Amino acid sequence: MQLALAQLHIEANDVAGNVARAETAIVEAADRGVDLVCLPEVFTVGYFSFASYARRAEGLNGPTLSRFSDLAKEHEIAVLAGTIIEDLSETDGGPAEEGLANTAVFFDRDGTQSAVYRKHHLFGYGSREAELLVPGERLPTVSFDGFEVSITTCYDLRFPELYRELADNGATLVLVPSAWPYPRLEHWQTLARARAIENLCYVATTNGSGAFEDATLLGRSTVYDPWGNVLASSGDAPALVTATIDPDEVTTIREEFPALDDRRW
């Protein structure tokens with residue numbers, strides 16, 4: 001499978017411009033023959049634009065996600081729509097009847113919403129996320145091109161028990177839309193590599209690019225194989241990172257090195 005990570009330049013509060021850049025990346029990925037393209041965390045308004053979250057929130061059938069559904073169908077490419085800020089009052093069956101969530105949506109090649117993931121671990125350190133948002137409760141897995149695909153978001157990388165639960169649920173590829181800033185570069189790379197090694201699965205981290213008033217995103221979108229090797233990565237500038245990944249590689253490695261079978265608790 002051909003996987004692409006769209007490391008977009010994100011401007012604070014420039015929803016129209018940010019969405020246009022995401023659309024361009026999807027079309028470019030499709031032109032390259034990519035099967036699945038992933039967008040960053042809160043690529044619409046920008047993660048650090050906390051004061052705009054409520055005003056820019058949409059439901060799962062809002063105009064932004066509807067546009068990405070149409071693009072997926074038009075170009076026959078699966079899209080992980082990054083995350084957006086979701087208005088839970090417009091959603092049935094969410095974690096709350098009202099409020100906001102940090103939500104990623106997986107669209108299949110025909111534009112179908114195949115999975116919805118709401119960020120579980122909300123960041124509080126120098127951030128208003130924990131104050132403004134409702135945490136997610138579900139851990140969806142979607143079958144795509146031989147993979148069992150799961151989703152986590154940014155800060156979730158610091159919680160290995162979440163990834164172990166995904167592995168127990170059959171995940172072989174975890175997509176991680178993020179808005180990870182400087183200076184925590186070593187954390188960004190080490191945590192993602194560890195999650196891949198621990199669970200013997202592919203981990204693909206899609207970060208943004210750009211500076212905000214209080215933070216600068218560090219980029220380095222990366223695809224890790226089940227041994228933790230880097231298959232493709234970027235610097236901190238906008239980029240479309242592509243890699244070929246193989247579901248049989250997960251099966252082979254887990255058979256050759258069955259560490260997951262040796263757990264005692």
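Does the range 97-109 contain any residue that is assigned to a loop (DSSP other than H, G, I, E, B) and modelled with pLDDT under 95?
yes
Tell me whether the range 221-229 contains one or more residues that are part of a loop (DSSP other than H, G, I, E, B), touching a helix residue (DSSP H, G or I) at 6+ places or on another chain (Cβ under 6 Å) and buried (at least 18 other Cβ atoms within 10 Å of the Cβ).
yes
Any residue that is of a type in the set (A, V, I, L, M) and over 18 Å from the mean Cα position of the chain (by Cα) - is there at least one of those in the range 85-92?
Looking through the range 85-92, at least one residue is of a type in the set (A, V, I, L, M) and over 18 Å from the mean Cα position of the chain (by Cα).
Select the helices (runs of 4 or more DSSP H) contained entirely in the range 1-91, then report the ones holding at least 2 residues which are open to solvent by less than 20 Å² (accessible area, probe 1.4 Å) and either more than 19 Å from Val176 (Cβ to Cβ) or of a type in the set (A, V, I, L, M) (or both).
Passing ranges, in order: 15-31, 63-75.
Search the range 113-127 for residues being hydroxyl-bearing (Ser, Thr, Tyr) and open to solvent by less than 40 Å² (accessible area, probe 1.4 Å), and hand back the single one that is modelled with the highest pLDDT.
Among them, the one singled out is Tyr117.
Being more than 15 Å from the chain's Cα centre (by Cα), under 15 Å from Phe107 (Cβ atoms) and among the hydrophobic types (A, V, I, L, M, F, W, C) is the filter here; which residues of the range 130-155 pass it?
The one that is more than 15 Å from the chain's Cα centre (by Cα), under 15 Å from Phe107 (Cβ atoms) and among the hydrophobic types (A, V, I, L, M, F, W, C): Phe144.
From the list Gly219, Gly210, Gly235, which residue is free of Cβ contacts under 8 Å to residues at least 24 places away in the same chain and closer than 18 Å to Ala25 by Cβ?
Of the residues listed, the single one that is free of Cβ contacts under 8 Å to residues at least 24 places away in the same chain and closer than 18 Å to Ala25 by Cβ is Gly235.
Given the criteria farther than 23 Å from Leu240 by Cα and either over 17 Å from the mean Cα position of the chain (by Cα) or in contact (Cβ under 8 Å) with a residue 60 or more places away in the chain (or both), does Ala22 qualify?
It is false that Ala22 is farther than 23 Å from Leu240 by Cα and either over 17 Å from the mean Cα position of the chain (by Cα) or in contact (Cβ under 8 Å) with a residue 60 or more places away in the chain (or both).
The values are calculated or read from the model by the stated rules, or taken from the named source; none is laboratory data. Note that the structure is a prediction, hence the values are computed from the model and not measured. Because the Cβ atoms are built from the backbone with ideal geometry, glycine has one as well, and the counts that use them run over all protein chains shown. Keep in mind that these areas ignore ligands, DNA and RNA; they rest on the heavy atoms of the full protein, side chains included. Shrake-Rupley method; radii C 1.70, N 1.55, O 1.52, S 1.80 Å.
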